[in-house]
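Worksheet: the structure to be examined is printed underneath.
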Amino acid sequence: MLARAARILQAFTPDEPELSVSEIGRRARLHVATASRLIAALVDEGLLARTATAKVRIGVRLWELAQRASPTLGLREAAMPFLEDLHAVIGHHVQLGVLDGGEVLFVERLSARDAVINVTRIAGRLPLHASSAGLVLLAWAPRDLQEQVLSRPLRGYTPTTITNPARLRGVLDGIRKQGFVVSEGQIHADATGIAVPVREGPDPASPVVAGLSVIVPNDGRAPSLVPALQAAARGIARQLR
């Protein structure tokens, strides 16, 4: 029963937050009658909710419970003042990502109305090789995870996305040496991502717990923002110790 309920909850995506009962059943590999019965029970508990168009969405109760259990809650609270200061300086997108499996999971994001295009969102994911925060996290990830990523096909989003394993290996070496990455046009041709590691304490040898990144126009000025990101990352690390 729990496995079936979990499959129902996993049917929703950031791009499809509302689904019909039949579509949920198809995605959860359940007979529509079984899906309907379980959905009704989840609605009664507040974990799902029905919309005015007879579709189903994630309920507020599930969000409430997730906020209590989130292992990134302390990280987000420590980071927020520095994200806000950085956002005031950058004027575009500022985001915080953590390593989750073979992807970067974005746990916080600040933006502005006229900011450059950016595909990420809170609770959204991107491949490690294609995003600036992901590259930073991959650079300090366990060696076995690095080899897993390097051994599988690397999806290309634009002509400049890193899809060659040998090139990716070289980029990761460079990130570890210089302590940051400037990723131009990897996800979208008009945007550049800059990212630095966030460590769990002020010691330079402390483990990396997050990637702090900004997304700005692809106009060649991104490298000048690296010192501001590094200062913010150091501030977050001091709060985490």
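Give the peptides 200-212, 127-139 in descending order of average Cβ contacts within 10 Å, highest first. Each step should come with its number before you reach the end.
Details: 200-212: 16.8, 127-139: 27.3.
Taking the mean over residues of other Cβ atoms within 10 Å, the ranking is 127-139, 200-212.
Could you order Val94, Val182 by accessible surface area, starting with the largest, using a probe radius of 1.4 Å?
My answer, sorted largest first, is Val182, Val94.
If each DSSP helix of 4+ residues adds -39,500 (n - 2.57) and the sum is divided by the residues in the chain, what number results at 222 nm, nearest 500 deg cm²/dmol? Walk me through the numbers on the way to the answer.
Values: 9 runs with 102 residues, N = 241.
About -13000 deg cm²/dmol.
Tilt of helix 60-69 relative to the longest C-alpha principal axis of the chain, in degrees (0 to 90, nearest 10)?
Once rounded, one gets 50 degrees.
Using 1/(1 + (r/R0)^6) with R0 = 35 angstrom and r between the beta carbons of Gln10 and Arg221, what's the FRET efficiency to the nearest 0.05? Numbers along the way, then the final one.
Working: r = 41 Å, r/R0 = 1.16.
Result of the calculation: an efficiency of 0.30.
Mind checking Rg over Rh on the chain, alpha carbons, Kirkwood formula for Rh? Each step should come with its number before you reach the end.
Details: Rg = 19.7 Å, Rh = 19.3 Å.
That ratio equals 1.02.
Compute the Cα gyration tensor for region 55-95, then decide on rounded, prolate or oblate, letting a ≥ b ≥ c be the square roots of its eigenvalues: rounded whenever a/c is under 1.5, prolate when a/b is larger than b/c in the other cases, and oblate in all that remain.
Taking the square roots of the gyration eigenvalues as a ≥ b ≥ c, region 55-95 is oblate.
Quick one: length gained pulling Glu200 to Ser70 fully straight, 0.36 nm per residue minus the C-alpha distance?
So the chain would gain 45.1 nm between Glu200 and Ser70.
Only Lys, Arg, Asp and Glu count, each charged at its Cβ (+1, +1, -1, -1), so figure out the dipole size of region 128-224 about its Cα centre, rounded to 20 debye.
My answer is approximately 200 debye.
Please work out the ratio of the alpha-carbon Rg of region 75-199 to 2.2 N^0.38 Å and round it to two decimals.
Dividing the Cα radius of gyration by 2.2 N^0.38 Å gives 1.01.
Between Glu45 and Met80, what is the FRET efficiency for a Förster distance of 35 Å, r being their Cβ-Cβ separation, to the nearest 0.05?
With R0 = 35 Å, the Cβ-Cβ based efficiency is 0.70.
Along Cα→Cβ, 7 Å out, is where each label goes; now give me the distance between the ones at Arg61 and Asn164 in nm to one decimal.
Going by the 7 Å Cα→Cβ label model, 5.5 nm.
Using a 1.4 Å probe over the heavy atoms of the protein chains, calculate the carbon and sulfur portion of the accessible area of the chain as a whole percent.
Result for the chain: 53 percent of the exposed heavy-atom area is carbon or sulfur.
Under 1.5 on a/c is rounded, so check that first for region 39-121, then, if it is not, pick prolate when a/b is larger than b/c and oblate when it is not; a ≥ b ≥ c are the square roots of the alpha carbon gyration tensor eigenvalues.
Working: a/c = 2.45, a/b = 1.75, b/c = 1.40.
Prolate, since a/c reaches 1.5 and a/b exceeds b/c.
Let a ≥ b ≥ c be the square roots of the eigenvalues of the Cα gyration tensor of region 138-236; is it rounded (a/c under 1.5), or, if not, prolate (a/b larger than b/c) or oblate?
oblate
I'd like the orientation of helix 165-178 relative to the chain: the angle between its Cα long axis and the longest Cα principal axis, in ° from 0 to 90, rounded to 10.
Approximately 60 degrees, to the nearest 10.
With everything on Cα atoms, drop me the angle between helix 226-240 and the longest principal axis of the chain, reported from 0 to 90° to the nearest 10.
60
To the nearest 20 Debye, how big is the dipole of the chain about its Cα centre, given +1 on the beta carbon of each Lys and Arg and -1 on that of each Asp and Glu?
Using only the charged Cβ atoms, the result is roughly 560 debye.
Whole number in Å², please: accessible area per residue of the chain, 1.4 Å probe, ligands, DNA and RNA not counted.
52
The values are calculated or read from the model by the stated rules, or taken from the named source; none is laboratory data. Note that the structure is predicted; figures quoted are calculated from it, not measured. For neighbour counting, all protein chains shown are included, and Cβ atoms are generated from backbone atoms with ideal geometry for every residue, glycine included. Protein only, heavy atoms only, side chains kept; ligands, DNA and RNA dropped before computing areas. Shrake-Rupley method; radii C 1.70, N 1.55, O 1.52, S 1.80 Å.
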